[in-house]
Amino acid sequence: MATADDLTLSQASLQDYVECRYRFRLRYLDRLAWPAVEAEPAGRNERRLRDGAEFHRMVHQYVLGVPAERLRELAEHRTGAGGGGEPAGWWRAFCEDRPADLPGERFPEVTLAAEVAGRRLSAKYDLIVVQDGSRAVILDWKTAERRPSEATVEQRLQTRVYPYLLARAGAVLNGGQALAPDRIEMRYWFAAHPHQPAVIRYDRDRFDADGERIAGLVREIAELPLDRFDRTEHRERCRLCTYRSLCDRGADAAHGEVEEDMEQDSWLSIDDGDDAAAFDYAEAGEVPF
Ligand code: SF4
């Protein structure tokens, strides 16, 4: 069993902790894989996971210089060959909108980390663009069918952790110069809603508040006795959880609720690849187990 001292925390693990301490324990301390399907039909969720990963790879290749048209041909060939996925459609939306085409120095799939309350906190970003040596835009691709509300966007730990860590550790992307919080912006781009991005303009007040909130969570996790990682009282959070049969919170997967839960729970994206155990529970709808 791992201890909290061994962990590198991420937005995904912190999100798990605030949603269910017991899930955090099972996933990150006990490292327990539990063979439950989060949502039915399982094949559809597997396909969404595969499609989301494929779309992220395409954007990464595009940022590295592969022509958009070439990527479109490859995506449509794969779809036409029976892949049945959505990346080709998402890619058309991406090419119309070109959210990655910001001027500046681009850093795709970059990981930043900093010490917070004595523990390591890390984040893997889809894309960071540093502009004029003093401004930075964080871009994050989401492939959920439904766009979450602004309130949901605000509540996600990702919205706090990503800009906070960039302000803390972004000097490595900016010639050694720190990036001030009020020069940081975060944009979620939703492939199914390309004209409705969520934009978060960061500032010093948010930075201070996020620092306190994140450090508070990190300390709480470090100090919590193992037998106090309790099951959530919000039973609706169990419906898509892989551990629900273990917790006696229902043996069957939620049926057809992936889209319906998107607003509340699911951000279909491929985040935090820096920690294999730390996939975002919010992505549970597309992660087969
Ligand atoms: S089934 Fe519910 S109580 Fe059990 S780990 Fe998952 S969210 Fe927590």
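The values are calculated or read from the model by the stated rules, or taken from the named source; none is laboratory data. Because the structure is a prediction, the values reported are computed rather than measured. No Cβ is skipped: glycine too gets one built from the backbone with ideal geometry, and neighbour counts run over all protein chains shown. Just the protein is used for accessible areas: all its heavy atoms, side chains included, with ligands, DNA and RNA removed. Shrake-Rupley method; radii C 1.70, N 1.55, O 1.52, S 1.80 Å.
Taking 0.36 nm per residue of sequence separation and removing the Cα-Cα distance, the GLN196/ALA171 pair yields an extension gain of 6.0 nm. ILE221 contributes an accessible area of around 0 Å² to the protein surface, as traced by a 1.4 Å probe with all chains present. Each residue was assigned an accessible area with a 1.4 Å probe, and for ARG204 the value is about 130 Å². Note on the stretch 105-223: with neighbouring protein chains present and a 1.4 Å probe, carbon and sulfur make up 42 percent of its accessible heavy-atom surface. Each residue, ASP203 and GLN131, gets one label point 7 Å from its Cα in the Cβ direction; the gap between the two is 1.8 nm. Modelled label positions at GLU105 and ALA180, each set 7 Å beyond Cα in the direction of Cβ, lie 2.0 nm from each other.
Accessible area per residue for the stretch 105-223, computed on protein heavy atoms with a 1.4 Å probe, is 41 Å². Ligands, DNA and RNA aside, ARG47 has an accessible area near 100 Å² when probed at 1.4 Å. Taken as Cα centroids, the stretch 147-194 and the stretch 200-231 sit 17 Å apart, rounded to the nearest whole angstrom.
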